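J.: Take a look at this one; I'll ask things after.
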Amino acid sequence: MIVPVGGAHAITRYLVRFGPEGAGLAVTGMCDAGEEDIVRRALELSGFGTPQNRAEMEDFGFFVCVKDLEDELIRASSRDAIKTLLESQGDLPAFLTLQQQPAWREQAFDAQMHRWLRAGSRRNLRYARLLVDALDLNQIPRPLEALMAATTILTGHAL
């Protein structure tokens with residue numbers, strides 16, 4: 001079961017409810033790098049233990065994205081695949097417009113794409129799913145692949 005928690009600051013409530021001191025379920029998760037300390041503290045407060053670093057967080061089944069999930073997905077996808085996806089969704093003209101803006105003209109493609117994903121209302125949520133669906137299975141970002149593997153091990157079946 002996947003439970004959207006509504007942001008890192010809400011994770012303690014779910015870990016207490018479902019984790020070792022609650023329902024006793026095997027719980028796994030993934031967070032952005034900026035939320036790592038919040039999740040680490042939540043693991044401690046909810047009875048998982050006291051992870052001191054990312055490796056220890058992973059021992060508890062929690063994985064940290066280098067920057068955030070969008071960044072991981074952009075880096076795992078080719079520029080051509082992303083442009084094809086944007087075109088299929090009717091959004092390529094909007095992205096090309098962003099690329100021509102003075103502040104973004106000289107920026108790297110990955111930075112442009114990250115900004116574009118974050119600029120639209122709920123666009124990043126919509127495109128996270130689309131980017132995952134379009135991924136080459138040999139290019140799955142490490143935190144996502146580790147989460148799926150941990151979930152498979154903990155639950156005995158794949159997502």
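Bear in mind that the values in this text are calculations on the coordinates, not laboratory data. Keep in mind it's a predicted model, so treat the numbers as computed, not measured. Cβ sites come from the backbone with ideal geometry, for glycine too, and all protein chains shown count toward neighbours.
J.: Please give the number of the condition residue 70 fails out of (1) of a type in the set (D, E, K, R); (2) in a helix (DSSP H, G or I); (3) surrounded by fewer than 19 Cβ atoms within 10 Å (Cβ to Cβ).
T.: (3)
J.: Residue 134 - would you say it is small (Gly, Ala, Ser) and in contact with a strand residue (DSSP E or B) (Cβ under 7 Å, 6 or more places away or on another chain)?
T.: In short, no.
J.: Also: Evaluate segment 59-79: report whether one residue or more is aromatic (Phe, Trp, Tyr) and over 19 Å from the mean Cα position of the chain (by Cα).
T.: Looking through segment 59-79, none of the residues is aromatic (Phe, Trp, Tyr) and over 19 Å from the mean Cα position of the chain (by Cα).
Matching residues to (1) part of a strand (DSSP E or B); (2) under 21 Å from residue 127 (Cα atoms):
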| residue | (1), (2) |
| --- | --- |
| 14 | no, no |
| 24 | no, no |
| 30 | yes, yes |
| 38 | no, no |
| 44 | no, no |
| 75 | no, yes |
| 81 | no, yes |
| 87 | no, yes |
| 111 | no, yes |
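J.: Scan 10, 26, 55 and give me the residue that is touching a residue at least 60 places away in the same chain (Cβ under 8 Å), loosely packed, with under 15 Cβ neighbours inside 10 Å and among the small types (Gly, Ala, Ser).
T.: Step by step, each of 10, 26, 55 is checked, and only 26 is touching a residue at least 60 places away in the same chain (Cβ under 8 Å), loosely packed, with under 15 Cβ neighbours inside 10 Å and among the small types (Gly, Ala, Ser).
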